[in-house]
Amino acid sequence: MIFHFVYPKAVISRWLLALSVTLLWLFPSASLARAQEEPSMTAQELVNAAVDQLQAADSVKLSIEQTGAPYPLALSLDGVNMLPATLTNAKAQYVSPNELHISALLQFFIPLALDIYSLDDRQWLSFPSGAPWILLPAFEDFDTNRLLAAGDGIEYVMENLQDPYLAESEAPLDEGALWQVQGRAAGAGVSGLLFGFIEPQDDVEIRAFITPEDGRFDRLEITMLETAGDPETAPSVWHIRFFDYDAPPDFAAPEN
């Protein structure tokens, strides 16, 4: 004789609940890691807090790269417009409150490497990179302080994001994934992020990547929407990475 046992749904539910609790007890780390990584703030609050951290840092290093369609730099020196140039990549260190060193690779007719050192409203140029420093009139609209100035630079862009939202992570939260805040911003405000070297004429899309462990910016990706209409080229994207917060200066300032 064959007996068929039918378990009530309530019994099955209690059994599944007991099993789940047992598994959580035996393997707590994975579940807790994911729960602990969930942000407790809104997307706007996340970027605002990251801006506060950046402005409070004694120093920060940046790497800047431009990909996709070439995007012209707005460079003029002592009232004279320079030859059209684009930025290939650059490394910089900002030292609070008013000091900046940049090593950049520009594309004119040929690639050219140069260094710029700025202190307050004075600017030195080493061209080609490694040559003696020359004190020059500052590039027009170039302002070291714009990146972290109150009401300008990154603060202005993040406070005026249009419909910011927290995007889904590209990796499990317990594998070191970054929080991603996305939104749209007016192009005019982005100029301060790159010290006045670019002048976007249209809106831009912003992707801000924030480190869950400390709430600091890891990097920004800025897509120039005015370059998105050409099907033969990828849109121009600026990649700005922030790292080595509060590190001592690793450059030698000009002596004069």
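The values are calculated or read from the model by the stated rules, or taken from the named source; none is laboratory data. All of these numbers come straight from a predicted model, not from anything done at the bench. Quick reminder, even Gly has a Cβ in these numbers, built from the backbone with ideal geometry, and neighbours come from all protein chains shown.
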(request) Out of the residues in the range 38-59 that are surrounded by fewer than 17 Cβ atoms within 10 Å (Cβ to Cβ) and assigned to a loop (DSSP other than H, G, I, E, B), state the one that is modelled with the lowest pLDDT. (result) E38
(message) For the range 133-161, which positions are acidic (D, E) and modelled with pLDDT of 90 or more?
(response) E155, E159
(message) Can you confirm whether P235 is at pLDDT 90 or above, in a loop (DSSP other than H, G, I, E, B) and closer than 22 Å to T42 by Cα?
(response) no
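Within the range 187-210, restricting attention to residues that are assigned to a strand (DSSP E or B) and in contact (Cβ under 8 Å) with a residue 40 or more places away in the chain, which residue is surrounded by the fewest Cβ atoms within 10 Å (Cβ to Cβ)?
So the first thing to find is which residues in the range 187-210 are assigned to a strand (DSSP E or B), and the list is 204-210.
From what is left, the residues that are in contact (Cβ under 8 Å) with a residue 40 or more places away in the chain are 206-208, 210.
Details: I206: 22, R207: 16, A208: 28, I210: 23.
By that ranking, first place goes to R207.
Can you work out which of the residues in the range 164-186 that are at pLDDT below 80 and among the aliphatic types (A, V, I, L, M) is surrounded by the fewest Cβ atoms within 10 Å (Cβ to Cβ)?
Of everything passing the filter in the range 164-186, A171 is surrounded by the fewest Cβ atoms within 10 Å (Cβ to Cβ).
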(request) Specify which of the listed residues (F209, F251) is within 18 Å of the chain's Cα centre (by Cα) and closer than 25 Å to A57 by Cβ. (result) F209
(request) Pairs only if they're at least six apart or on different chains, beta carbon under 6 angstrom, first in the range 226-240 and assigned by TED's automatic domain parsing to the domain that holds E205 and under 17 Å from A186 (Cβ atoms), second surrounded by fewer than 16 Cβ atoms within 10 Å (Cβ to Cβ) and charged (D, E, K, R); list them, first residue then second. (result) E226/D202
(message) Which numbered condition in (1) touching a helix residue (DSSP H, G or I) at 6+ places or on another chain (Cβ under 8 Å); (2) within 19 Å of E65 (Cβ to Cβ); (3) at pLDDT 75 or above is the only one that G189 fails?
(response) (2)
